[in-house]
């Protein structure tokens, strides 16, 4: 076999290996990127009348009730006018943090008129946050009720 032919075969094998590694890496990234929580409704910057329906979305993980500690499962928490929590932090039990430990994926929400932020935070079966990467914050403006 000539040196030229051997060199061509090496380059071809290298290209195939590089392509396989690239595809494998992209598949892993897309699998990681697919883990997200989001609002199905309302839209960011929506103007709403109170009460209004909030629908939660989830991709790449599964809904499970409070107490279920299966990997890649959990339930939603809705934070009113507050920020996402660091990974591992417990979601507080107070008037700003709503817990959906039965696996609920929507809620009818009543808020006073004005601008508010809604942060959807996914957490595990022990109410521990999966962190900002598994949260989504939107803004809504609640319109005054007509008199």
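The values are calculated or read from the model by the stated rules, or taken from the named source; none is laboratory data. It should be emphasised that the depicted structure is a prediction, and the values quoted were computed from it without experimental measurement. Glycine gets a Cβ as well: all are built from the backbone with ideal geometry, and neighbour counts include every protein chain shown.
A few remarks follow.
- Some residue of region 67-74 being closer than 16 Å to residue 140 by Cβ, at pLDDT 95 or above and within 16 Å of the chain's Cα centre (by Cα): no
- Residue 131 vs. criteria out of contact with any strand residue (DSSP E or B) (no Cβ under 8 Å at 6 or more places or on another chain), surrounded by 16 or more Cβ atoms within 10 Å (Cβ to Cβ) and modelled with pLDDT of 95 or more: yes
- So residue 57, is it within 20 Å of residue 35 (Cα to Cα) and surrounded by fewer than 17 Cβ atoms within 10 Å (Cβ to Cβ): yes
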